[in-house]
1. Could you tell me the distance between the Cα centroids of segment 298-313 and segment 14-90, to the nearest Å?
2. Between the DSSP loop rule and a limit of at most 13 other Cβ atoms within 10 Å, which trypsin sites (Lys or Arg not before Pro) in segment 232-299 are left?
3. Using 7 Å Cα-to-Cβ label points, what is the Ile309/Lys119 separation (nm, one decimal)?
4. List the chymotrypsin sites (Phe, Trp or Tyr not before Pro) within segment 35-144 that fall in a DSSP loop (any state other than H, G, I, E or B) and whose Cβ has at most 13 other Cβ atoms within 10 Å.
5. How many angstrom lie between the C-alpha centres of segment 128-198 and segment 213-261?
6. Separation between the Asp92 and Asn268 pseudo-spin-labels, each 7 Å from Cα along Cα→Cβ, expressed in nm?
7. Taking only the Cα atoms of segment 1-155, how large is their convex hull per residue, in Å³?
8. Could you check what % of the DSSP bridge pairs in the chain are antiparallel, to the nearest 5?
Amino acid sequence: MFSLKDSCLLKLSDLSYLELVYILKLASCLKKDNPIAKGNKILYDKKVALIFEKDSTRTRCSFEVASFDYGANITYLGPFGNQITHKESIKDSACFLSRIYDAIEYRGHKHKAIKVLSKHSIVPVINGLTDSFHPTQLLADLLTIKEYYSYYMFSKVRIVYIGDVRNNVCNSILEASLLTGLTIYLLALRTSWSLKFYIYKSQLLSQKAGGNVFITEDARVGINSINYIYTDVWVSMGESKTLWKRRIFYMRSYQVNILLLLRANNINVKFLHCLPAFHDNKTTIGKHIQKAYSYIYGMEVSNEAFYSIYSLVFGQAVNRMFAIKSLLASIGLY
Ligand code: CP
Ligand code: NVA
């Protein structure tokens, strides 16, 4: 069996194209043969530590369900109730945890922290999201795309990522372009292109790899004949709540709504979002934004677009579990 034994996944580009395809193919198989996969306790008696310095629903549940299905045990280490970073450094935590667990998942703030964790860990470390990257999200996203296009067609797929082009999900999308040749259009107001370095670097590398990354603030250029429209929140976890006012001002004309989806000139265009999404006022933050900024139309995506026939968001979210299940099997904890 092809194995990424003992590999860490800190960012998507830690994988080769073949390793990525292997993980996606295995995830597709696990999805099809789910009842069999459930009885397949390949990680029986293995132990996985789940460190979450930030909140999570999908990533945490996906790691937990995947581990349960494989017969592995998990320990959830949340932002409180343990010593990590408050009283014990990441290095010392890695030295201890990796001696009693078989793998460590880490969701935190600075990407530097997960690098230290993996440097001092003797078992695989998987990035469950940092401020810079969200690789397991992209495994699920590529699996979702793969359900409509074959691996060999990745280079023909055109995606628009619209909104906050500086964030972790966008960085990982750029990495996906480098690996697979997906064409990515970043659509955002010019003033928010602050991570120019990363964007230009990706452009350079992706063009070498046969992929393409373009950045524009003009929706007419970016959207036409696109296959997928992807967005994410305008203010990410760990960023100051005071940024909302400015971000709404800059980004409101980059909302995914029905009008924007129609501009794709493609009746098969699909909408992707990593979730959670601010599309209504049914959440605490949604209510606060509505009240504080008199903004009632949803944030990065309108309610209509979110629930529209174009939207794949819940299937995409379920694919998190299958992608993570495949990853756990592939890094060879057994
Ligand atoms: N997409 C994602 O990572 O969701 P959670 O924050 O709920 O884990
Ligand atoms: N960019 C978002 C992704 C959440 C899954 C954040 O970091 O909050």
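1. Result: 28 Å between the Cα centres.
2. Lys241, Lys282
3. 5.4
4. Details: sites: Tyr44, Phe52, Phe63, Phe68, Tyr70, Tyr76, Phe80, Phe96, Tyr101, Tyr106, Phe133; in loops: Tyr44, Phe80, Tyr101, Phe133.
Here the sparse-neighbourhood loop sites are Tyr44, Phe80.
5. 13
6. 5.7
7. Working: hull volume 18.4 nm³, N = 155.
Per-residue hull volume (Cα only) is 119 Å³.
8. Numbers: 0 of 36 bridges.
Given both bridge residues lie in the chain, the antiparallel proportion sits at roughly 0 percent.
Rule-based calculations on the coordinates, nothing more; no lab input. If you're wondering where the values come from, they're calculated on a predicted model, not measured in any experiment. Don't worry about glycine lacking a Cβ; one is built from the backbone with ideal geometry, like all the others, and counts go over all protein chains shown.
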